Each structure stands twice: as C-alpha cells, then as structure tokens.
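The values are calculated or read from the model by the stated rules, or taken from the named source; none is laboratory data. For clarity, every value in this text was computed on a predicted model and none was experimentally measured. Please note: Cβ atoms are built from the backbone with ideal geometry, for glycine as well, and neighbour counts cover all protein chains shown. Surface areas here come from the heavy atoms of the whole protein model, side chains and all, with no ligands, DNA or RNA. Shrake-Rupley method; radii C 1.70, N 1.55, O 1.52, S 1.80 Å.
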Amino acid sequence: SIHHFLGHAKRVLNAEFHPVNGFQLTTAGDDGTIRVWDLRRRKQAASIPAHSNLVTKLCYDTTGEYMVSSSFDGTVKLWNARNWKMLNSLQGHDGKVSGVDIVSSQNTIVTCGFDKTLKVWR
C-alpha cells in the first residue's frame, strides 16, 4: 500500500476511477456518502451526502461527464461529474437497488434490484 484514504464512516463497498482523467477515484459505502479523491494531491476533493442507506454501485459514462449511483434506499441517482450536483433521482424498484450500469451509446441506464427485476431507463 502506498497511501491510505480515510474518510468514510463505515465500510467502503465500491470504487471507480474516472474514465477520462484517470486521477479521480470515487468511493461509496455503508455510510451513504460518495467521496471523490484526487490521487495527484492524495486528498479528498468532494464529499457527497448521496443516499440515506448504503451505496451499492457507482458507474461513470464513457465520457466522464456524469456518474450514477445505486442504493439500498431504493433510488438510483444521476450526478454531474464536474460539480457533483444531482441531476436526477430514479425510483421504480420495490426496495433495495443492488446494481447499476450505463450504456452510453444508447443513453440508457440499467438497474437491478432485490425485487427480482431489471429496469432500463432512458
């Protein structure tokens, strides 16, 4: 290990590198927050109080312009990856959302949940 990033109150459950710039690492976990780390400066760049329950998955689009997060709070949220403002909140699963992915070429978000459904969002 060359560096430790401390900041989450509980377990870290997911980590994603920014697909374009390569120096941002985004983490999420049990505390419902998303944290953005600047690897060049080895410090936290942003802390987002994203969800009211644990964050299960983070995913960037291929351009790095936006990111989505899924959570056990039953929501999927779309974030601007420049200023970290929430763009949209998607609700449609009955209960916990366990995963999310982006099909950038189709402008589509795909989610799966504990309700045994797969949802496609446009």
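In region 12-122, what is the count of Lys pairs whose alpha carbons are under 15 Å apart, counting only pairs at least 8 residues apart or on separate chains?
7
What's the Cα-based Rg to Rh of region 25-92, Rh via Kirkwood?
Expressed as Rg/Rh, it is 0.95.
Under a 1.4 angstrom probe, counting protein chains only, how are Tyr60, Tyr66 ranked by accessible area, largest first?
Final ranking, largest accessible area leading: Tyr66, Tyr60.
Of the heavy-atom accessible surface of the chain (probe 1.4 angstrom), what whole percent is carbon and sulfur?
C and S fraction of accessible area: 50 percent.
Relative to the compact-globule scaling 2.2 N^0.38 Å, provide the ratio for the alpha-carbon radius of gyration of the chain.
Compared with the compact-globule rule of thumb, the chain sits at 1.02.
Under a plain spin-label model, where a point goes 7 Å from the Cα along Cα-to-Cβ, how far apart in nm are Lys96 and Thr63?
That separation, rounded to one decimal, is 3.5 nm.
About its Cα centre, what dipole magnitude does the chain give when the only charges are +1 on Lys and Arg Cβ and -1 on Asp and Glu Cβ, stated in debye to the nearest 20?
320 debye
At what distance in nm do the modelled label points of Ser105 and Leu118 sit from each other, each positioned 7 Å from its Cα along Cα→Cβ?
1.7 nm
Can you tell me how much longer the chain between Val12 and Ser47 gets when fully stretched, taken as 0.36 nm per residue apart minus their C-alpha distance, in nm with one decimal?
Computed gain between Val12 and Ser47 is 11.2 nm.
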